[in-house]
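Notes to accompany the following structure.
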């Protein structure tokens, strides 16, 4: 099982994005590509992620919301990253890009 480095966005927002046979993802295996992944311990609550929260009332401690967000569609994850200015550090599991049709490439502004 691979552990992926924490995502850091251009605006400073951070989150863990994991996928394996031990995470809340689809498919639930160690290979992917994934259509849904587990997001964990973001640096602050994000409205797009909240409906997937294991504990919607989780507190923020030590700079992270103390919950995980299961089975988050990869398009939602990419939208959060894009809205926050793109990914400047970290790594993502292999996503099924067809499932993430709303995805735009990291670091590029939305198409107009």
Inset, instruction - Jot down the radius of gyration and Dmax of the chain, Cα atoms only, both in angstrom. - result: 13.0, 39
Inset, instruction - Find the relative contact order for the range 7-89 and round it to a whole percent, using C-alpha pairs within less than 8 Å whose residues are 6+ positions apart. - result: 33
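Highest mean first, what order results for 44-57, 27-40, 69-82 on Cβ atoms within 10 Å? Provide the component values of the computation, followed by the final result.
Working: 44-57: 12.9, 27-40: 18.7, 69-82: 21.2.
Top to bottom by mean Cβ count within 10 Å: 69-82, 27-40, 44-57.
Each reported figure results from applying straightforward, stated rules to the coordinates on display, with no laboratory input. Note that the structure is a prediction, hence the values are computed from the model and not measured. Neighbour counts are summed over all protein chains in view; Cβ atoms, including those assigned to glycine, are modelled from backbone coordinates with ideal geometry.
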